[in-house]
Amino acid sequence: MSTDTKPDLNIDRSIGDFRYDVAYEFDAGLGLTARTIDYICDVKKDPDWIRKFRQDALKKFESMPMPTHWASPDLNNIVFENIRYYLSQGTQAKRSWDEVPEDVKRTFERLGIPEQERKFLAGVEAQFDSEAAYSNIKAAVGEQGVIFVGSTEGLHKHPEIFRKWFGKVIPTGDNKFSALNSAVFSGGSFIYIPPGVKVKHPLQAYFRINAENFGQFERTLIIADEGSEVMYMEGCTAPKFETATLHSAVVELVALKGAKIQYITVQNWSPNVFNLVTKRGLAHEDAEIKWIDCNIGSRLTMKYPGVIMKERGARGEVVSIALSGDGQHQDTGAKMIHAADDTTSNIISKSISLGKGRATYRGLVQIGRHLKGCKNNTECDALLINTDSRTDTYPAITVHGKENACQHEASVSKISAEQIFYMQQRGIPKAAAMSLAVNGFVNDLVQQFPMEYSVELKRLIDLEMEGSVG
Amino acid sequence: MSLHIENLHANIGDREILRGLNLEIPKGEVHAIMGKNGSGKSTLAKVMAGHPDYEVTKGTVTLDGLALLDLEEPDERARAGLFVAFQYPMEVPGVSIANFIRAARQAALPEDAELDAVEYYQDLYVKMDALKIPRNFTSRAVNEGFSGGEKKRCEILQLAMLAPKYAVLDETDSGLDIDALKIVSDGVNALRSPDRGFLVITHYQRLLDYIVPDVVHVMVNGQIVLSGDKELALKLEAEGYDWVEKETLATA
Ligand SMILES: Nc1ncnc2c1ncn2[C@@H]1O[C@H](COP(=O)(O)OP(=O)(O)OP(=O)(O)O)[C@@H](O)[C@H]1O
Ligand SMILES: [Mg+2]
């Protein structure tokens, strides 16, 4: 394997904005056809049912229109023929950092992943373009029967669990991008937590896009068996390319009776990334699924994590923070489907728009007519910094039946030039003043994060503000 | 060493508000400015602080030899040693007083220096106690929902915590009850020092009974037209501004 070691260092604006050249062994080339799918299946040695699943999904993808009748017309700027759908150095994730090829390893070292793993994580998966380069869990966690591997390995080694739940929470045709992911998915995590096992430390996945004109389509499936608990965190970065990059993941969570899943995302995509992600969880009796989602960066993010509360006593929660800098659009929200009695959901969404940045909140809460004892609470707050920022809120709350309760609150606050001047008069530089206002705005949410992540988030906000004042 | 304003002209939009203002406050002195509503007193404070709405068309402001107006950003001017206690302090939602002042203190330190949190809070509490600001204010958002008097007290708290070289107090007395006026004045007097100059903008001579000025200036139409000692304030209070305007028109 050759390595052309010419690092293109450009780290002024963001920690992820750097790139080392890497030699790829497998490259599906530009564009997406049935042959691309076959190429991916061959490389990954997919079983026949997956090959068929992918080919069907491709047809679905091709037949579905771009959702521009409600979503951003910027979607039309994605040129699917100019994207590479699969790039890897091989499909086998390494179990130790020493085995990870040097050219890939140094990227993760620079992002601090091995160090974080030593410090506070129960397991780590590090995906580089299409495949996980590294995946490992602490021995003690493995001994409890916890499975934490890449999706390909999960499919091959644990077909009985994988096949039972794969594609069951988010059907292929849920939306155009879930269909796309279903056709070309690669990487992502497969996690199974046995009954009663409570994983003390978080499992972490890190998604890194390194190649230009590339699409990353990871597929994550997490199953928490009865009474188990797990916290999963994902981080992501990409260098800043001239051309658009596509990230389109599908994440399915299954919490069986009494289980708890917390899924935390801190995304810091560079401003050329289209980030179109479908995330949904299925909560059984008395189970709890909580999405904590921080969207920083990207060109356009569309993401509405959801929870289907399928059985009595299930709980769903979405806590989200979206920060839209100049020229960015964060189109985020939450979906709560109450499908049983006594289910409760909570949505807290905070968005910040800077300069010409734009934030949109879309919420969907459904409580069926025949149900009783269901509760939803929705709060969405927007902070506008500078007058030309834009924020839109589209809450759609469908509550039938008198025995259910819904509460909805929304607010918009503004940080004016006058307020920034006031802060600056105390000696605080403009970027720091804006950070202070933003951190104050999201502070109550950030406190729900594990310490390491709240520090990271604060740092990302600071970087974004520095970038915005130039 | 002084805060020296020379021939300062400033506009808002097309309208000239400051029209050749001259004023020098030597370090260690307290100067007061009085003048009618709309004469440009607050404008002077904001122009020096670098408010983005105003354009300086002529003149200089020199702070201990430093050309203050050459510093673009308001925070640079603040760190150079200028503090303004505003007539109408802004609310900063979501930012607690403690975090706000802490960020200001941190900004004053060299880049790699870390603020000592314990020391900071000790200092903050001592100064809050002196100004009779209840401790629970530390966690309240800056000025949000504060009464008029509470806002003014909080400005003086910031002044005390930031210990600038020169402080402009813009109508800090308005909105204060009689006890608060005494408390705030004591706070300001405690900060008087040979190393610090004050410019106190007020409409009421009573404040000057508490904070006794070295010089009193009268501002008319964007200029300082008359300066004198404390007696001038008494005379203004008794007789109003008409005579000043007549006199200055006569000599113009
Ligand atoms: N943003 C603005 N737009 C238009 N005019 C302004 C603006 N700010 C100040 N002015 C005008 O400038 C003039 C001076 O205002 P300034 O606030 O400096 O007066 P002042 O002496 O502080 O008055 P007061 O005693 O009432 O506080 C006023 O006529 C005011 O209307
Ligand atoms: Mg005024």
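Nothing in this text is a laboratory measurement; each read-out follows from the coordinates by a stated rule. These numbers come from a predicted model, not from an experiment. Please note: Cβ atoms are built from the backbone with ideal geometry, for glycine as well, and neighbour counts cover all protein chains shown.
Distances between placed amide hydrogens fall under 5 Å for B:HIS9 paired with B:GLY20, B:LEU21, B:THR57, B:LYS58, B:GLY59, all partners being 5 or more residues away or on another chain. Annotation: amide H-H contacts under 5 Å for B:PHE146 (H modelled 1.01 Å from N, sequence separation of 5 or more, or interchain): none.
Determine the shape class of region B:103-187: with a ≥ b ≥ c the square roots of the Cα gyration tensor eigenvalues, call it rounded for a/c under 1.5, and otherwise prolate if a/b is greater than b/c, oblate otherwise. Note, shape of region B:103-187 comes out prolate. The ranking of B:LYS230, B:LYS182 from fewest to most other beta carbons within 10 Å of each one's beta carbon is B:LYS182, B:LYS230. Here the simple spin-label model places points 7 Å from the Cα toward Cβ, and for B:VAL56 and A:ALA34 these points are separated by 7.4 nm. Phi angles of region A:139-144 translate, via the Karplus equation with coefficients 6.51, -1.76, 1.60 and θ = phi - 60°, into HN-Hα couplings of 3, 4, 6, x, 5, 7 Hz per residue; Gly and Pro are given as x. How many angstrom lie between the Cα centre of region A:420-461 and the Cα centre of region A:206-266? Rounded to whole Å, the Cα centres lie 26 Å apart.
Between A:LYS260 and A:SER228, A:GLU229, A:VAL230, A:GLU288, the built amide H atoms are under 5 Å apart, and every one of these is 5 or more places off in sequence or on another chain.
Rounded is the label for region A:2-466, because the ratio a/c of its alpha-carbon gyration tensor axes (a ≥ b ≥ c) stays below 1.5. Largest GNM mean-square fluctuation among B:HIS217, B:HIS51, B:HIS203, using chain B with Cα springs under 10 Å: B:HIS51. In this simple spin-label approximation, B:GLU91 and A:GLU143 carry label points 7 Å from Cα along the Cα→Cβ vector, and these lie 5.8 nm apart.
Can you give the charge dipole size of chain A about its Cα centre, rounded to the nearest 20 debye, using +1 on the beta carbon of Lys and Arg and -1 on the beta carbon of Asp and Glu? Present the calculation step by step, with values, prior to reporting the outcome.
Working: 55 positive and 60 negative charges, 188 e Å.
Using only the charged Cβ atoms, the result is roughly 900 debye.
If R0 is 30 Å, what FRET efficiency do you get for B:ASP123 and B:GLU144 from their C-beta distance, rounded to 0.05? The partial results should precede the final answer.
Values: r = 23 Å, r/R0 = 0.77.
E between B:ASP123 and B:GLU144, to the nearest 0.05, is 0.80.
Considering only A:ILE170, A:PRO159, A:ASN275, and ranking their Cα positions along the charge dipole of chain A that arises from unit charges at the beta-carbon of Lys, Arg, Asp and Glu, the one farthest toward the positive end is A:ILE170. Put in order of Cβ neighbour count within 10 Å, fewest first, the listed residues A:TYR24, A:TYR192 become A:TYR24, A:TYR192.
At 0.36 nm per residue, minus the direct Cα-Cα distance, what do B:SER193 and B:GLU6 gain on full extension? Give it in nm, one decimal, please.
Details: separation 187, 0.36 × 187 = 67.32 nm, distance 2.43 nm.
64.9 nm is the gain from fully extending B:SER193 to B:GLU6.
What the phi angles of region B:190-201 give under the Karplus curve with 6.51, -1.76 and 1.60, with θ = phi - 60°, is a coupling list of 5, 8, 5, 7, x, 9, 9, x, 10, 10, 10, 9 Hz, glycine and proline written as x.
Of the trypsin sites (Lys or Arg not before Pro) found in region A:130-224, the ones in coil according to DSSP and having at most 15 other Cβ atoms within 10 Å of their Cβ are A:LYS168, A:LYS200. The distance between label points at A:ARG312 and A:VAL79 comes to 5.8 nm (points 7 Å beyond Cα on the Cα→Cβ vector). Here the Karplus curve 6.51 cos²θ - 1.76 cosθ + 1.60, taken at θ = phi - 60°, turns the phi angles of region A:199-210 into couplings of 6, 5, 9, x, 9, 10, 10, 10, 10, 10, 9, 10 Hz, with x standing for Gly and Pro.
How much FRET efficiency would the formula 1/(1 + (r/R0)^6) give for A:ARG110 and A:GLU452, where r is the Cβ-Cβ distance and R0 is 22 Å, rounded to 0.05? List each step's numbers first, then the result.
On the way: r = 17 Å, r/R0 = 0.79.
For R0 = 22 Å, the calculated efficiency reads 0.80.
Would you work out if region B:48-113 is rounded, prolate or oblate? Take a ≥ b ≥ c from the square roots of the eigenvalues of the alpha-carbon gyration tensor; rounded if a/c is under 1.5, else prolate when a/b is larger than b/c, oblate otherwise. Intermediate values should be presented prior to the final figure.
Numbers: a/c = 2.56, a/b = 1.39, b/c = 1.84.
Because a/c hits 1.5 or more and a/b fails to exceed b/c, region B:48-113 counts as oblate.
Cβ crowding within 10 Å, taken as a proxy for footprinting-reagent exposure, orders A:PHE207, A:PHE53 from fewest neighbours to most as A:PHE53, A:PHE207. Inter-part distance, region A:401-415 to region A:146-165, computed on C-alpha centroids, equals 40 Å.
Gain in length, A:THR398 to A:LYS198, computed as 0.36 nm per residue apart minus the alpha-carbon separation, to one decimal in nm? Please list the in-between numbers first.
Values: separation 200, 0.36 × 200 = 72.00 nm, distance 3.52 nm.
Answer, rounded to one decimal: 68.5 nm.
Estimated purely from DSSP H runs of n ≥ 4, each contributing -39500 (n - 2.57), the mean residue ellipticity at 222 nm for chain A is -7500 deg cm²/dmol once divided by its residues. Enumerate the whole-percent occupancy of each 10 Å bin, from 0 to the last occupied one, for all C-alpha pair distances of region A:318-410. Spelled out bin by bin, region A:318-410 gives 19, 42, 24, 13, 3 percent. Size check on chain B: the Cα extents along the three principal axes, sorted descending, read 60, 40, 34 Å.
Set the Förster distance to 35 Å, then compute FRET efficiency between A:THR243 and A:ASP98 from the Cβ-Cβ distance, nearest 0.05.
On the way: r = 34 Å, r/R0 = 0.98.
Taking R0 as 35 Å, the efficiency between A:THR243 and A:ASP98 is 0.55.
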